[in-house]
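For reference, the structure is listed below as C-alpha cells.
The values are calculated or read from the model by the stated rules, or taken from the named source; none is laboratory data. Every value quoted in this text rests on a predicted model; they were computed, and no experiment measured them. With ideal geometry, Cβ positions are generated from the backbone for all residues, glycine too; neighbour counts draw on all protein chains shown.
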C-alpha cells in the first residue's frame, strides 16, 4: 500500500478520479453565484473524460439539498450524459455480487453492464448529509440518477444501529480493488454504533493480501463540538489502505498517514465555497488515483472554474488608530483600501491559475469572475464603525457578495466569574451571521432545559433540522414511532426482569422510574376502586343523591284513573274516555249496555202512553195542529200503537184562516228512541271490531 510519486497508465493500472462535496444547487437563486456549483461539476466530469480515467468516485454531497430543484437536476443529468456515455470500452471487470452493494430498486447491477446503454466512464457515489435519503421510501436524489442509468449509488446504510459494509470487487489486469462505501449517518449515532461494535466489514475470501482496499466516508473528520460528534480514524479497520474523507470542505492536497491504523487519509475538500470561512479560502482540487498492485499515486488537479475567494482579519487597535468619533472617516478610508487590495489580490490569483494550467473550457468562459471578499474587523476599544450593509454597498459590481463583505466584532475579555465557554459556541462575533445559525444547537439547548425520558435527546435536534432544512415531512413521525417502539420494548423487558444490554445505565434508571410510577398509579387506582365499591353497601354513609340521579317512582295506572274527574249522568259514548287500568270483557260491556237500553225503553213506553192519552183529549183544532207536524219514522212500536188508537180524518172545510204559530213541543220520544237505536248500533260495531 505504499504511496509512490508516480504510476504510469497501463493495462494493470486503475485510474480513478476522486471528488467530493460538489453541492450542486448551492445558492442557485443568486444572480451572480447561482451557477457556480454546476459549472465546476461540469469541469470535473470533463477532466474525467479527457484524462481517460476508468471511473469517478464521489464521496458525498453531490447535491446541496436532498430535494434538488429541476434546474440542478437538469444540469447534473446533462453533464453525466455528456461525459459518462460513449464508445470507450470498460477495461475492468466486477468480481463480486453487485446486489450486495447496489440497491437500485430493481436494477441491482452497475450501469455499464446495462445492454441498453453504453457507459464509458462510470460514476460511483455515496450520499452525504445534504443529499441523504429521506421520506417513506427512504429515497435520495442519487436514487433517481442511479435508476436512470447515469450513475451508481453504493454504500447505502439500511440499519443505523447494525451496519454491515460490503465491498465492490474490481479487477483490471493484475490489480484488484475492493471499494467500500458508507453513506452519511448522524455523527453521534455513528460514534455509538462503532463504539458498541455494531459495524462489521466484509473482506474478500481469496487472495486477501493482493487487494487494494479503498473506502469512502462522509463524516466529521475532527471533533468540532460535541465529544462524540465525529468519526475517529481509529474506529475504522486496519486492513484499509486509503480512506477518501468527505464532508470536510478544506482541502488537504496530500495523503496523511495514520501510524496507529496503518492506512492513509485523503481529504479532497469541496469544489465550491458554501461559506465565507478560512477553510474555503484554500485551493479547490480534484485528484486522480492511480493503483497498480498494492501501490498508489496521487495526481492533484486544481479547478479553474472556482470563483476566487480571499479573506483577511484586521484589528483596529493594532493599527495605531485612536478610538474616537473624529477618526471615523479615517477608519472608513482604511477599510475601503483594504477591500480594494483584496479584490486585486483575488483577480491576480485567478489569472495566474488560468495561465499555469490547461483546460478544455472555452476562452469565452474565462472572463475574470467577481471575487468573494471577506474582511473581519475587530473594533474593540470604542471605535465607531459604519453599518456593514451600507459599507458593502460601495462595492456593488466589484464583488460577488455585495451584502456581507465586512464583519465587525468585538473581542470579549474574560472576567473572573466567567464560566467556561461551551463547545460549538463562538464568541468572536461570527455567530451573528445567518449562515452560522445551527437549528440543531438551538433545539439541543431547549431540550437540555426540559426533562425528556421517552425521546432520545441527541436525536431530537437532528430530526428537527431535517424537518426544517430538508423539508422532510415524515422525519418527526418516523422518529417518534421508532422511539416509542424502542421505549415499549425496553419497558416490557424491564417489567419482566430481563437483562437489557443495549441501553445506557442512565436510560435504564429513568425507565425503571417510569415503570415504578406506572405501577404506583395502577395500585392507587385499584385501591380507590375497592374503597368506592365498599362504600356503596353502606346506605347511611351515602350522600344525598343529586337531582339528576334520584329514582323516579312510576305511579300505578289504576290510581291515575281514580284521580280522573267522574263523568256526569249524561252519557255520551263517543266522547267517553277510555280506561287504561284493565280491559273489560265483551260480556260485561254487553250486559251493562243492555241494562241501560232496557231502562230507556221502559221510560219511553210509559211516556208514550201518557202522551197518547193527552192527544185524544185535545180539541179538533189541536188535532189539526198536531197533524201538520211531520210524523217521525215509523218503527215497530209506533205501528203497534197506531192500530190501538186510530186518528179520525179531518172534515173537508174551506181554506182555513191563518193559524197561529204552534208552540214548540218537546222532542218526541220516537226521536229519542231512534237516538238510542243508533247508539246501540255503534256499540255493536265497536264490539265487532274488538
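Brief remarks on what is shown
- Checked against the criteria, residue 177 does not count as more than 24 Å from residue 191 (Cα to Cα), under 27 Å from the mean Cα position of the chain (by Cα) and assigned by TED's automatic domain parsing to the domain that holds residue 239.
- Evaluating residue 233 against the criteria (1) within 30 Å of residue 204 (Cα to Cα); (2) over 38 Å from the mean Cα position of the chain (by Cα) leaves one unmet condition, (2).
- Subset of the stretch 137-157 that is within 18 Å of residue 114 (Cα to Cα) and in a loop (DSSP other than H, G, I, E, B) - its residue that is nearest to the chain's Cα centre (by Cα): 148
- Of all the criteria given as (1) out of contact with any helix residue (DSSP H, G or I) (no Cβ under 8 Å at 6 or more places or on another chain); (2) buried (at least 21 other Cβ atoms within 10 Å of the Cβ), the one not satisfied by residue 80 is (1).
- Leading residue by the ranking (nearest to residue 131 (Cα to Cα)) among those in the stretch 43-72 that are out of contact with any strand residue (DSSP E or B) (no Cβ under 8 Å at 6 or more places or on another chain) and in contact (Cβ under 8 Å) with a residue 60 or more places away in the chain: 65
- Those residues of the stretch 177-217 which are within 18 Å of residue 18 (Cα to Cα) and assigned to a strand (DSSP E or B), in sequence order: 177, 178, 179, 180, 181, 182, 212, 213, 214, 215, 216, 217
- Counting residues in the stretch 128-136 that are at pLDDT below 95 and not in a loop (DSSP other than H, G, I, E, B) gives one or more.
- Condition check for residue 29: under 27 Å from residue 280 (Cα atoms) and free of Cβ contacts under 8 Å to residues at least 60 places away in the same chain: yes
- Only one of the listed residues (22, 104, 108, 27) is at pLDDT below 95, in contact with a helix residue (DSSP H, G or I) (Cβ under 9 Å, 6 or more places away or on another chain) and buried (at least 20 other Cβ atoms within 10 Å of the Cβ). That residue is 104.
- Some residue of the stretch 199-220 being under 27 Å from the mean Cα position of the chain (by Cα) and free of Cβ contacts under 8 Å to residues at least 24 places away in the same chain: no
- In the stretch 68-98, the residues that are outside any helix (DSSP H, G or I) and under 30 Å from the mean Cα position of the chain (by Cα): 68, 69
- Criterion violated by residue 336 - all others in (1) outside the structural domain of residue 220 (by TED's automatic domain parsing); (2) touching a strand residue (DSSP E or B) at 6+ places or on another chain (Cβ under 6 Å) satisfied: (2)
- For residue 18, the requirement of being under 21 Å from residue 166 (Cα atoms), in the same structural domain as residue 218 (by TED's automatic domain parsing) and either in contact with a strand residue (DSSP E or B) (Cβ under 8 Å, 6 or more places away or on another chain) or part of a loop (DSSP other than H, G, I, E, B) (or both) is met.
- Selected residue (only one of 60, 10 is assigned to a loop (DSSP other than H, G, I, E, B), modelled with pLDDT under 95 and buried (at least 20 other Cβ atoms within 10 Å of the Cβ)): 60
- Considered as a group, the residues in the stretch 381-403 that are in a loop (DSSP other than H, G, I, E, B) and buried (at least 17 other Cβ atoms within 10 Å of the Cβ) include one that is farthest from the chain's Cα centre (by Cα), and that residue is 383.
- Verdict on residue 170 being out of contact with any strand residue (DSSP E or B) (no Cβ under 9 Å at 6 or more places or on another chain) and surrounded by 14 or more Cβ atoms within 10 Å (Cβ to Cβ): no
- Qualifying residue in the stretch 113-125 (condition: in the same structural domain as residue 82 (by TED's automatic domain parsing) and under 30 Å from the mean Cα position of the chain (by Cα)): yes
- Residue 160, sole failed condition from (1) out of contact with any strand residue (DSSP E or B) (no Cβ under 6 Å at 6 or more places or on another chain); (2) part of a loop (DSSP other than H, G, I, E, B); (3) at pLDDT 90 or above: (3)
- At least 3 residues being within 30 Å of residue 172 (Cβ to Cβ) is the threshold, and among the strands (runs of 3 or more DSSP E) wholly inside the stretch 244-363 those reaching it are 252-257, 264-267, 285-292, 295-302.
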